[in-house]
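Below: one structure, written as structure tokens.
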């Protein structure tokens with residue numbers, strides 16, 4: 001159940017957060033402010049996210065989450081785990097996820113995971129990530 005349920009959730013979110021519409025591929029608004037406040041800059045955030053993705057041994061995911069204290073954080077999980085699960089090192093609401101299972105990149109990138117990771121930014125639907133961020137903040141505020 002954990003692997004199949006996690007795989008369904010993770011991949012559903014992953015596909016939801018991709019776009020080829022360049023008008024949705026610009027980070028702005030409250031999420032950009034929060035990223036700058038938390039990580040110092042968007043570039044610093046991307047570097048931390050890329051490190052989480054590149055250093056995940058074997059198969060798994062890299063995540064941007066809103067933790068249970070309302071703070072942004074970067075984390076990674078093994079296999080089909082995600083930050084909603086009790087087994088996650090850092091728990092919170094996933095806002096952005098990157099699949100670093102080899103099947104996600106092998107056809108185009110072979111064993112060059114870092115190239116796959118850096119190309120991810122060109123297809124992120126930041127409008128959707130921003131929407132998830134606002135929803136997660138509202139959910140925390142209503143607790």
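The values are calculated or read from the model by the stated rules, or taken from the named source; none is laboratory data. All figures in this text were calculated on a predicted structure; none of them were measured in a lab. All Cβ positions, glycine included, derive from the backbone under ideal geometry; neighbour counts span all protein chains shown.
Among the residues making up region 38-72, those that are more than 15 Å from residue 95 (Cβ to Cβ), in a helix (DSSP H, G or I) and over 11 Å from the mean Cα position of the chain (by Cα) are 43, 44, 47, 51, 54.
Listed by position, the helices (runs of 4 or more DSSP H) contained in region 96-143 that have at least 2 residues being exposed (fewer than 13 other Cβ atoms within 10 Å of the Cβ), modelled with pLDDT of 90 or more and out of contact with any strand residue (DSSP E or B) (no Cβ under 8 Å at 6 or more places or on another chain) are 126-141.
Considering region 51-71, the residues that are surrounded by fewer than 19 Cβ atoms within 10 Å (Cβ to Cβ) and at pLDDT 95 or above include one that is farthest from residue 16 (Cα to Cα), namely 69.
Can you pull out every residue in region 25-44 that is farther than 15 Å from residue 119 by Cα and touching a residue at least 12 places away in the same chain (Cβ under 8 Å)? Selection gives 27, 28, 29, 30, 31, 34, 35, 38, 39, 42. From the list 27, 72, 13, 17, the one residue that fits, being under 28 Å from residue 142 (Cα atoms) and out of contact with any helix residue (DSSP H, G or I) (no Cβ under 8 Å at 6 or more places or on another chain), is 13.
Put simply, of 80, 91 the only residue that is over 21 Å from residue 119 (Cβ atoms) and buried (at least 19 other Cβ atoms within 10 Å of the Cβ) is 80. Inspection of region 4-24 finds a residue satisfying the criterion of being in contact (Cβ under 8 Å) with a residue 40 or more places away in the chain, closer than 24 Å to residue 84 by Cα and exposed (fewer than 11 other Cβ atoms within 10 Å of the Cβ).
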